[in-house]
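Notes to accompany the following structure.
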Amino acid sequence: MKGELFSLSKIFTENLFRIPDYQRGYSWGERQLKDFWGDIVQLESNKNHYTGVLTLEGVNSCIYDKWNEDLWIIKSKRYNPYYVVDGQQRLTTLVVLLQVIVEKMADEDLLNYNNKDEIRKKYIYESHDAGISRSYLFGYEKDNPSYEYLKISIFNEISNSHSIAEETVYTRNLAFAKQFFFEMLDGTDIDFLGLIYERITQQFLFNIYTITSDIDVCVAFETMNNRGKPLSHLELLKNRLIYLSAKFNVNDDERTLLRYVINECWKSLYYYLGKNKERMLDDDAFLYTHFSIYLWPKIVSNFKGETVRLWYYRRDDYYKEYLLNEVFVANKVSEKNASGVFVLTVKSIYDYVSDIKSSVVLYDKIYNPIYSDLSDLEKINLERLYRLKGEELSVLLLALYRCRGDENLMIEVLCDLEKIMFISSISIYAAIKDVKGVDYSSLALDLIKDAKRLHDVAKEIKAHYQELMEKVSFSEVFASIAKGNGFYGWRGIKYFMFEYELSLLEKSKTKRERLSWESFIGENYDYDHKTVEHIYPQKVTHECWRDSYNNYNISQRNILKNSIGNLIPLSKPKNSSLRNKCFEDKKGSNKNKVGYIYGCYSEIEISQYEKWRPTEIRDRGIKLLDFMEERWGFKLGDTNTKIDMLGLSFVEQ
């Protein structure tokens, strides 16, 4: 490693940078960008900032000879082409920031004696004099989805190809970074732009390390890129498979094709995992689900009768290490007469990659069913399972859709699974007696191995649901929930409230959704209840509440506050503005446009009440339990029994 430190200005002098195919895309989010921005604005004018090591690999002529758009600058202007092995995230961030600075400049502005065209020519692209050729000084290889996106959506350039700027998880991160810097520079003057420009181009210093031909670049990448924001195991797996593709003793065409297939597969993976902006699917959750479907059955078969439980591989995320340290390892490529769970060959890796590619399409249908070609009832029930956070069902659901059978039977299974998951959200384990649980992963394994048919799986799930309905003491459960934090502390409260909201939407005979699930749950589904509001407030600061509630002691008032009839779904901004106000103010009016009357269907329903007293809390609680009975088939008893369940028998008539 050279001892000299290089500024960005020197690094971009007669050099061309590309992100190779084994690299992940741009992965920085808000936290990393805030830290990076802090490093910039806090840097003293007479100091430099050590930005880290920039590890590069020189690109061989047999590769860059295929870079048609860049050949002129490499051969005629003698620019040096490099792959960025380590430092991609920092370098990408700096280039995006430079693009934002250029867009903020007026045509007559100068930064460090450079106008905007000169800055573009130095860091963004060079154009052939009087010609049409243009070479981007930093970017991705052409078959990467981020290639067109960076050019079109970040650099605001026009594409020369038929390709569109395809969106993935990584391209959304690029867009977020650009928007982040626009906001940071919003309202600033040219002097501040000049200060930022000088710091990032002159005072941010890198160590440059160039990998020589005797070092395996894929191994180097895997080692280096666990710094900063760690690689997901899905990203590490792609790199490992590309590395292995070069190790097989086969002709070049086979190796080239395998590498191409791996790259195309991972394009599909990140397209589907990031397709829905409101519901980004987790890398590692998908990898675990596919591991359970594809490799776990092979593991079980290899142990020949010994009990092998999937939870062993899920524990401490051991399956990730198993994939990288036991299955896809280089020394198994050269083993003769290899045997075991997974024999490494070009064909076996091709089959694995093809399977993971087809699986992500089904996985997307399961977790984004609304946009799929599934039947309406399948969509509804899959959405419900998603909202119930049924991660333990992911393996079974993927198995069900890989072996998809009769549509009506599939719908029946999904309905029963939803009811089981809902019961589990309200059950206290002490209230369930002699109920044998269902091992969903074992059911999935039986389906995959064809040991059980869909009909058999449906019967087993149905039997479990019916047993729960018979043996769960709902009166005991609800009495327990009503104590302490009450229904406000019930982990299923948001799901229940949302289902009730949907029932009101259906009765409204309109299709206008007034409350989306993503906005309702926020970031922390199980613990963040800021979007569930107490109508009778937790902290009473206005006299208007005291007349109706002063007849009750503190314990009784707390039960009333946290009772299910006193809870309502709200948007977060409205929650903070209405929190402790009088009921008349909470309802809203022509003057107060943030009240219940302008909210979701549940809020509108509450706005129709004239007053909000303990009797209204009790009566609405009974109404919600009636809905629960009808929706999930529970038998909760008569009105007096429900009042006892709610712990509200003390409420005066």
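In straight Cα distance, which aspartates and glutamates are under 17 Å from residue 347, not counting same-chain residues fewer than 8 positions off? Hits, sequence-local ones excluded: 252, 253, 254, 264, 335, 355.
Suppose we keep just the DSSP beta bridges with both residues in segment 5-229; what percent of those would be antiparallel, to 5? The partial results should precede the final answer.
Details: 11 of 26 bridges.
Antiparallel: roughly 40 percent of the beta bridges in segment 5-229.
Here is the list for segment 50-151: chymotrypsin sites (Phe, Trp or Tyr not before Pro) lying in DSSP coil, each with at most 10 other C-beta atoms within 10 angstrom of its C-beta, are 113. Over the chain, Cα pairs under 8 Å with separation of 6+ residues give a relative contact order of 10 percent.
Sparsely packed loop sites in segment 1-94 (the GluC sites (Glu not before Pro) outside DSSP H, G, I, E and B with at most 12 other Cβ atoms within 10 Å) comprise 4, 14, 44.
Other residues whose C-beta falls under 13 angstrom from the C-beta of residue 485 contribute a net charge of +3, scoring Lys and Arg +1 and Asp and Glu -1. What you get for the chain, charging only the Cβ of Lys and Arg (+1) and of Asp and Glu (-1), is a dipole of about 1020 debye around the Cα centre. Membrane-span-like helices of the chain, defined as complete DSSP H segments with a Cα extent of 15 Å or more along the helix axis and a mean Kyte hydropathy of at least -0.5, are identified as 88-104, 169-185, 233-245, 283-294, 346-367, 407-426, 493-508.
Based only on other Cβ atoms within 10 Å, what is the fewest-to-most ordering of 210, 55, 510?
On the way: 210 15, 55 24, 510 10.
The most exposed by this proxy come first: 510, 210, 55.
Of the residues 301, 239, 614, the one whose Cα sits farthest toward the positive end of the charge dipole of the chain, with +1 on the Cβ of Lys and Arg and -1 on the Cβ of Asp and Glu, is 614.
Charges at C-beta only: +1 for Lys and Arg, -1 for Asp and Glu. How large is the resulting dipole of segment 5-229 about its Cα centre, in Debye rounded to 20?
Values: 24 positive and 33 negative charges, 65 e Å.
Computed about the Cα centre, the dipole is about 320 debye.
Based on the convex hull around the alpha carbon atoms, segment 273-472 presents an average projected area of 12.9 nm².
Too long at a 22 Å Cα-Cα cut-off: which of 591/611; 116/151; 178/277; 389/419; 47/178?
On the way: 591/611 19 Å; 116/151 17 Å; 178/277 17 Å; 389/419 13 Å; 47/178 26 Å.
Correct reply: 47/178.
Fewest-first ordering of 311, 296 by other beta carbons within 10 Å of each residue's beta carbon gives 311, 296.
Within the chain, antiparallel bridges make up roughly 50 percent of the DSSP beta bridges whose residues both belong there.
Taking the square root of 5 times each eigenvalue of the Cα gyration tensor, what semi-axes in Å does the equivalent ellipsoid of segment 476-645 have, largest first?
Working through the eigenvalues yields semi-axes of 22, 21, 16 Å.
Looking at this model, which pairs from 586/623; 298/471; 459/623; 298/379 are more than 27 angstrom apart at the alpha-carbon? Among 586/623; 298/471; 459/623; 298/379, the Cα-Cα distance tops 27 Å for 298/471; 459/623; 298/379.
Note down the net charge around residue 475, summing +1 for each Lys or Arg and -1 for each Asp or Glu among other residues with Cβ under 12 Å from its Cβ. Let's see the in-between values first.
Working: positive: 635, 642; negative: 476, 638, 644.
Local net charge: -1.
Over segment 5-229, the alpha carbon radius of gyration divided by the compact-protein estimate 2.2 N^0.38 Å works out to 0.98. With volume of the Cα convex hull per residue in Å³ in mind, check [x] 272; [y] 225; [z] 212 and report the label derived from this structure. From the options [x] 272; [y] 225; [z] 212, the structure gives [z]. Listing 497, 410, 280 from fewest to most neighbouring C-beta atoms within 10 Å gives 280, 410, 497.
For segment 273-472, with only Lys/Arg (+1) and Asp/Glu (-1) charged at the beta-carbon, what is the dipole magnitude about the Cα centre, in debye rounded to 20?
On the way: 29 positive and 32 negative charges, 57 e Å.
Using only the charged Cβ atoms, the result is roughly 280 debye.
Bear in mind that the values in this text are calculations on the coordinates, not laboratory data. All figures in this text were calculated on a predicted structure; none of them were measured in a lab. Quick reminder, even Gly has a Cβ in these numbers, built from the backbone with ideal geometry, and neighbours come from all protein chains shown.
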